[in-house]
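Inspection log for the structure reproduced underneath, given as structure tokens.
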Amino acid sequence: MKKILVFLTIIAVAFLFNSCSLMSIMFEVTGPAPTADIIYQFNTTWDNLTDVSLPWTMSFTGSSGKYCDLFALSTSGIVTVTIYRDGVPIETETSGVHNYVEVNCWL
């Protein structure tokens, strides 16, 4: 019986530890450009979107050790891309003359 209690305690602590390490990730692309082509990657999830109306966001939940990449291109103006972790911006860039911009990071 004692071994079962110890085993259950270990499982409960491991579950709580993993639950506490989850974070909210949000990708954001904003104008003044009205549209942009967007490529994003969060760990193994990625997509290539064309002619997306701005502002645009995509949210994920994950743990540390994940790779994030966000790229935007607009032929109609300047765009800003931002990666947020738990509501705090951790990477942000605004396009220049060529109207494309990319940010990436490891969480």
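The values are calculated or read from the model by the stated rules, or taken from the named source; none is laboratory data. All values reported here derive from a predicted model rather than from experimental measurement. Here the Cβ is made from the backbone with ideal geometry for all residues, glycine too, and neighbour counts use every protein chain on show.
Here are 82, 61, 94: which of them is exposed (fewer than 14 other Cβ atoms within 10 Å of the Cβ), within 11 Å of the chain's Cα centre (by Cα) and within 17 Å of residue 105 (Cβ to Cβ)?
It is 61.
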Fill in the blank from the handout: Selection from the stretch 73-88 of residues over 17 Å from residue 22 (Cα atoms) and part of a strand (DSSP E or B) yields 73, 80, 81, 82
Practice task
Return yes or no: is residue 54 surrounded by fewer than 17 Cβ atoms within 10 Å (Cβ to Cβ), modelled with pLDDT of 90 or more, hydrophobic (A, V, I, L, M, F, W, C) and touching a strand residue (DSSP E or B) at 6+ places or on another chain (Cβ under 8 Å)?
Solution key: no
Practice task
Please give the number of the condition residue 33 fails out of (1) in contact with a strand residue (DSSP E or B) (Cβ under 8 Å, 6 or more places away or on another chain); (2) buried (at least 17 other Cβ atoms within 10 Å of the Cβ); (3) among the hydrophobic types (A, V, I, L, M, F, W, C).
Solution key: (1)
Fill in the blank from the handout: (1) under 12 Å from the mean Cα position of the chain (by Cα); (2) at pLDDT below 95; (3) not in a loop (DSSP other than H, G, I, E, B) all hold for residue 11 apart from (1)
